[in-house]
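The values are calculated or read from the model by the stated rules, or taken from the named source; none is laboratory data. Keep in mind that this is a model prediction, so the values were computed, not measured. Don't worry about glycine lacking a Cβ; one is built from the backbone with ideal geometry, like all the others, and counts go over all protein chains shown. For accessibility, only protein heavy atoms count, side chains too; no ligands or nucleic acids. Shrake-Rupley method; radii C 1.70, N 1.55, O 1.52, S 1.80 Å.
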Amino acid sequence: MAFLYKGTDDWSGIKWCVRTVYWHDSYGLNDMLTYGGDYNPYEKPENPLIEFYDMDSLVANTETGDEGHDARIKERGQFVSRYYLDTLNGTDRGTHASAPQFEDNWTDGLNLDGGVERWSISGEFYTKAMQAVNADFKEWKENWMLEHEETEDAKV
């Protein structure tokens with residue numbers, strides 16, 4: 001089940017929703033895609049997607065009449081950007097950084113969309129969000145591995 005971290009970036013005053021999309025979770029426009037497949041080598045249980053949503057945008061506060069769509073927008077906000085966890089942690093470069101080193105990647109913040117000035121987050125918000133995401137991912141991964149060990153044991 002996807003994990004949501006919500007908070008306001010003190011630097012910009014924008015309320016953000018940071019969503020972790022785990023293996024076989026729904027994502028994309030109207031949640032019509034499922035994360036995890038054989039066609040992309042980056043898609044694997046240990047590399048979830050991290051999505052950023054602007055909860056204060058005009059789109060996030062407009063009802064369309066589509067109940068499912070409106071409920072997702074109300075919960076998350078307007079979709080802005082999506083990355084792999086390895087990219088945000090800096091471990092996609094073949095490094096084996098430990099958790100404290102990850103934080104060095106976050107201190108300068110992140111520009112989520114160069115075409116929209118407001119869609120940048122400060123280093124402080126980025127650090128808090130990624131600490132929460134990584135903590136939840138650690139727990140999710142432990143549970144996922146236990147479930148799959150039990151499945152493999154049952155096959156033997």
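Select from region 29-42 the residues that are under 15 Å from Ala2 (Cβ atoms) and either in contact with a Ser or Thr (Cβ under 9 Å, 6 or more places away or on another chain) or of a type in the set (D, E, K, R) (or both) and list them in ascending order. Hits for region 29-42 are Asp31, Met32, Leu33, Thr34, Tyr35. The conditions of being open to solvent by 70 Å² or more (accessible area, probe 1.4 Å), within 20 Å of Leu112 (Cβ to Cβ) and within 12 Å of the chain's Cα centre (by Cα) are not met by Arg19.
So in region 48-77, with the set limited to residues that are acidic (Asp, Glu) and open to solvent by 70 Å² or more (accessible area, probe 1.4 Å), which one is farthest from Gly7 (Cα to Cα)? Going through the qualifying residues, I end up with Asp66. The requirement of being over 23 Å from Lys138 (Cβ atoms) and of a type in the set (Asp, Glu) is not satisfied by Asp25. Summed over region 24-45, the residues that are assigned to a loop (DSSP other than H, G, I, E, B), open to solvent by less than 80 Å² (accessible area, probe 1.4 Å), touching a helix residue (DSSP H, G or I) at 6+ places or on another chain (Cβ under 9 Å) and closer than 23 Å to Leu112 by Cα give a count of 1.
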